[in-house]
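Presented below is the structure to which this report refers.
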Amino acid sequence: MNYTLLKEVIELIEDFEASKASKKHSLNLEGFKEWIADSFLQEGKKYPEPEWENKNYGRTPESAISTMLIHMSRYAKMYSKSAISDSSFSTQEDFIYLINLNAFGAMSKIELIKKNIQDKPTGMQIIGRLIKQGWVIQIDSDNDKRAKVISITEEGKKALDALMGKIRQATSIVSGNLSYLEKMELIRILNKLEDFHNPIFNSNISVPELLDEVNNNYLQIQN
């Protein structure tokens, strides 16, 4: 038995128990694991900054993040195109709309479009294609007769089920060679970005005013 390792583990547990003053972690195995993970992330701040393209020429981390997110979106779209290449789906948005309807149930056209973070004209075109295919139906809303409620049909569910294997394969490829812990950390970070940007999107700020509005009323709050 490696008694040196055992001694180090016991000392680590003692450090964990001594840190209980913060009341942040439960005094059990799960709390111990969370504490180790938090400690690891804190230590990670001591690591050297990562490299990014044109960093030496003054390119900001914000610029690099923006570009990499755009690239990731395009990579994901590339794999999605492959997944639907032999199907009746026209775009990846078509099956994403169906997935949302299948998962969350009927909703208004506007709710469905907003859930997919798209502008109204583009969303209406997608819904129109799905209706034409017979994959969704629309009825008048009980709450607002001017609104239409969209729901997935049995044909839509069959079309979605027939493609789900390839969709899962495509989404699995997008996360590439990340480890499980890296995936969890990436989800945490992306959730934080989603929580920041989604309220802005739903505020319907006019395009000419968007940058100034976000800079003055959202970024300042975050800081």
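The values are calculated or read from the model by the stated rules, or taken from the named source; none is laboratory data. This structure is a prediction, so every number in the text was calculated from the model and none was measured. Reconstructed Cβ throughout: ideal geometry from the backbone, glycine too, with neighbour counts over all protein chains shown.
Tabulated results
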item: Index of the failed condition, Ala103 passing every other in (1) more than 26 Å from Lys158 (Cβ to Cβ); (2) within 20 Å of the chain's Cα centre (by Cα); (3) surrounded by fewer than 12 Cβ atoms within 10 Å (Cβ to Cβ); result: (1)
item: Whichever residue in region 34-60 is among the hydroxyl-bearing types (Ser, Thr, Tyr) and surrounded by 11 or more Cβ atoms within 10 Å (Cβ to Cβ) and, among such residues, is modelled with the lowest pLDDT; result: Ser39
item: Every residue from region 1-33 that is basic (Lys, Arg), part of a helix (DSSP H, G or I) and modelled with pLDDT under 75; result: Lys20
item: Single unsatisfied condition, Arg146 versus (1) exposed (fewer than 11 other Cβ atoms within 10 Å of the Cβ); (2) in contact with a strand residue (DSSP E or B) (Cβ under 6 Å, 6 or more places away or on another chain); (3) of a type in the set (Lys, Arg); result: (2)
item: Residue pairs meeting the criteria (Cβ under 8 Å; at least 6 apart or on separate chains; first at pLDDT 95 or above, in region 61-74; second in a helix (DSSP H, G or I) and surrounded by 12 or more Cβ atoms within 10 Å (Cβ to Cβ)); result: Ala64/Lys55; Met72/Val174
item: Verdict on Ser82 being outside any helix (DSSP H, G or I) and of a type outside the set (Lys, Arg); result: no
item: Members of region 178-221 that are within 27 Å of Glu111 (Cβ to Cβ), part of a helix (DSSP H, G or I) and at pLDDT below 90; result: Arg188, Asn217, Ile221
item: Listing of helices (runs of 4 or more DSSP H) fully contained in region 90-177 that carry 3 or more residues being in contact (Cβ under 8 Å) with a residue 12 or more places away in the chain, touching a helix residue (DSSP H, G or I) at 6+ places or on another chain (Cβ under 9 Å) and farther than 25 Å from Ile70 by Cα; result: 120-133, 154-174
